[in-house]
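Report on the following structure.
The values are calculated or read from the model by the stated rules, or taken from the named source; none is laboratory data. Nothing here was measured: the structure is a model prediction, and the numbers come from that model. Positions of Cβ are backbone-derived with ideal geometry, glycine not excepted, and every protein chain shown enters the neighbour counts. Heavy atoms of the whole protein, side chains included, go into the accessibility calculation; ligands, DNA and RNA do not. Shrake-Rupley method; radii C 1.70, N 1.55, O 1.52, S 1.80 Å.
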Amino acid sequence: MNKTTGKERILTAVLWIWVCAGLAAYLYQFAGIAGSIFTKLGLA
Amino acid sequence: MAVVVLVMQILACLGLGTLLLRALKVDGDLATAEHLGLAFACGFGILGWLVFPIGVWAGLADGWLWGLLAAGALGLLLFPRRPIQPLGRLDAVGWGLVVVLAVSMAFDLMEGLSPPADADSLAYQFNIPKQFIAQGRVRFIPRPLDGAVPLLIQMTYIPALALGGERALTLWAMVSGWAPAFLLFVLARRYLSLNWSLTLALVFLTTPAVVYGGGTGQVEVKMALFVLASTWAVVRAVETGRTAYAVAAGLGAGFYVGAKYMGLLFAAAAGLMVLWHRRWPALSIAFGLALLAAGFQWYAWNWLHTGDPLFPKFYQWIGRDGLAEWTKAHDLIYTEIFFRQERGVPRNLLWFFLYPFKATLDPLLVFDSGRVGLGPYGLLLLPFALLGAWKFRARLRRSPLLVVAAIAALYYTALFFTGPSQRVRHLVPVLPLFLICITAAAQRFTAGTPMGRPLIAAALLTIGLQISGQGLFSANNLEFVLTGEDRQSYLRRNVLKYEAAAWINANLAKTDRIVVNERQLFYYLDVPYFFASPFAQALVDVSAAVDDPRRLYRQLADQGITHLFLPVREEAGGGVYSAPYGLLDRAGCLEVMKEFELPVFASRTLSTLSGSRVKARILRLKAPSCLE
């Protein structure tokens, strides 16, 4: 791997934030059915 | 016997595809795995294409079907005898991906070993082949939306069901759902490493929409085979200018056209890309003729019987008068209502860009993407892919992936602005193209930089999340297979209102005919039934405006109706049954034979989502004297 530049570090951080935020946003829509999953697994 | 038929059908597809690839002389530079994947895709289309004329003219006798499978399998004699080219050496990550892939396929196998429970499959995808087999031949079904439609893929279900029974049918649905993932994997190897290609196959196979539809009779996942084969051939046609590739591309697109009306949009997208080469006149003629040959059957069939090849799209203008099952006056009202229901957001430029985000993050019910959408992979990889496309924009102009991306983009554009429905499942056939393009762009952008880590995390998190969802989806099937649960109990748990079908089969005779508006019961009904939805027929006017019980009675009697299965309304004030059946009740023409309290669930997987119960009754239609 080549030496990391400052620009790459910033971009990497932004991409990490995007991945985490994107996944959280995707999962958020299932909040309504999360209870149902818990019930199915016997955890509610 | 089910496994023998399954194996024969796989061999027949491989053989028929091998014959085609050899006949076109496009198999020379294919690696062994590419040859297998493409041969299966082509053979799958050819098998469906051949069953239709056999079913229309010769009949669906076992001898014809065995003969077809055996003759098709003979094509494997032409399989190139070259040393097998390995796809690469697996490292630890690769082995890990293979293990997860095996788990995913094991989940699929559980579905393949369970009785069918998907509503659309029971309504028509599996039910129509079952009807054709019972009738001994393919007959026209004068019903819009799920009867008089392209049925090329459903034709491949006929040999499986007729020769191997239901188990062969569900296993065939499983295998033909796996095949696109395999073809995606081998074609992705042209642009990606072994591990990334495996990742793509895994992302595709565990995508919620693929998990939901891949092992059922639904055709969207299976149509990805035609899309991949056709796109591969378009790319090769543009690279080489060879007419044979344009023919292969046209055949692939034509099979998609023969499998669903939406295939016409794909054919337009792929056809436009053929124009990319300076030999475009010859290539486009070859593409067009092949497209016509592969896709014309069901459109000619519709035209012959209704006057409208795309029934009921143009029925109002070019359809034949005098079709009792679907009159023009009826069409004017119900086709418009139906398609209006299928659109959730306006068809404008703003929503053209916003729709994928809305469908992924905040889906409307009509998108059908809440639990069975396209997953988070596209969303998570978006900035990586855009940055990659920008960084390598100069190289992109000469990349074959530009053709792939253009086909996917053109299809999405055509579907969004002209398609009849905004359900995300209609995007599933081109999902593999999208996956290859964004992954290649993202991977090239991050190669050799620390940005590769969030990319890998995005892929692994997607797979982890999706396979967890698949595990949850498969719980029902696991329970059936591993606990030895009996079939009736499984069906009661998984098919809405199945108990009524069991009662109808046990208590009504083959000479009876019952009105059933619960489509998911059709496959399991052994007695004649009549689907009285106004979206399916015009023979019995069941609109709320009907006010003459005699007319309603006469129309039902003309269809030979002896019984009705109707929900019981709970609201105060109104009749017990929804309009117009309340008219017959008030006239004293309905006798209650059985009352049920049936569980209602919005999801088979998460049946606790709505655990209510509804009342429904089996009613006997009394003699005409009830109206005197």
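Here the protein assembly as shown carries DSSP beta bridges of which approximately 75% are antiparallel, counting only pairs with both residues inside.
Among the listed pairs B:LYS130/B:LYS260; B:LYS260/B:LYS328; B:LYS130/B:LYS622; B:LYS497/B:LYS594; B:LYS222/B:LYS497; B:LYS510/B:LYS594, which are separated by more than 25 Å between their Cα atoms? Over 25 Å apart, Cα to Cα: B:LYS130/B:LYS622; B:LYS222/B:LYS497.
Suppose we keep just the DSSP beta bridges with both residues in region B:496-627; what percent of those would be antiparallel, to 5? Expressed as a percentage, antiparallel bridges in region B:496-627 total about 75. When you restrict to C-alpha pairs under 8 Å that are six or more residues apart and normalise by the size of region B:496-627, the relative contact order lands at 23 percent. Taking the helices alone, chain B has a mean residue ellipticity at 222 nm of -19500 deg cm²/dmol, built from -39,500 (n - 2.57) per DSSP H run of at least 4 residues and averaged over all its residues. Backbone phi angles across region B:424-430, fed through the Karplus curve with coefficients 6.51, -1.76 and 1.60 (θ = phi - 60°), yield HN-Hα couplings of 5, 4, 6, 8, 4, x, 9 Hz in residue order; Gly and Pro are listed as x. Judged by a Cβ-Cβ distance under 4.7 Å, the unpaired cysteines of chain B are B:CYS13, B:CYS42, B:CYS437.
Seen from B:GLN470, the other residues with C-beta closer than 13 Å to its C-beta sum to a net charge of -1, counting Lys and Arg as +1 and Asp and Glu as -1. Rounded to the nearest angstrom and listed largest first, the equivalent-ellipsoid semi-axes of region B:61-176 from its Cα gyration tensor are 33, 22, 13. Taking amide H positions as modeled 1.01 Å from N, with prolines and chain starts lacking one, the residues under 5 Å from B:TYR529 and 5 or more places away or on another chain are B:ILE514. Largest to smallest in accessible area, the residues B:PHE535, B:PHE565, B:PHE296, B:PHE480 fall in the order B:PHE296, B:PHE535, B:PHE480, B:PHE565 (1.4 Å probe, all protein chains included). Take every pair of alpha-carbon atoms less than 8 Å apart whose residues are at least six positions apart; their mean separation over the length of region B:387-461 yields a relative contact order of 43 percent. Of all lysines in the structure, those lying under 22 Å Cα to Cα from A:LYS7, and not within fewer than 8 positions of it along the same chain, are B:LYS391.
Measuring with a 1.4 angstrom probe and ignoring ligands and nucleic acids, B:HIS330 comes out at about 30 Å² accessible. Taking the three principal axes of the alpha carbon atoms in region B:496-627, the coordinate ranges are 46, 37, 27 Å, sorted in descending order. Ranked by solvent-accessible area (1.4 Å probe, protein heavy atoms only, all chains present), the residues B:TYR157, B:TYR299 order from largest to smallest as B:TYR299, B:TYR157.
Using C-alpha pairs below 8 Å separated by at least 6 residues, the relative contact order for chain B is 13 percent. Amide H to amide H distances under 5 Å link B:MET593 with B:ILE618, B:LEU619, B:ARG620, where only residues 5 or more positions off or on other chains count and H is placed in the peptide plane.
Compared with the alpha-carbon gap, the fully stretched path from B:ILE333 to B:ARG550 is longer by 75.8 nm at 0.36 nm per residue. Relative to its Kirkwood radius, the Cα radius of gyration of chain B gives an Rg/Rh of 0.98. For chain B, the antiparallel share of DSSP beta bridges with both residues in that region comes to about 75%.
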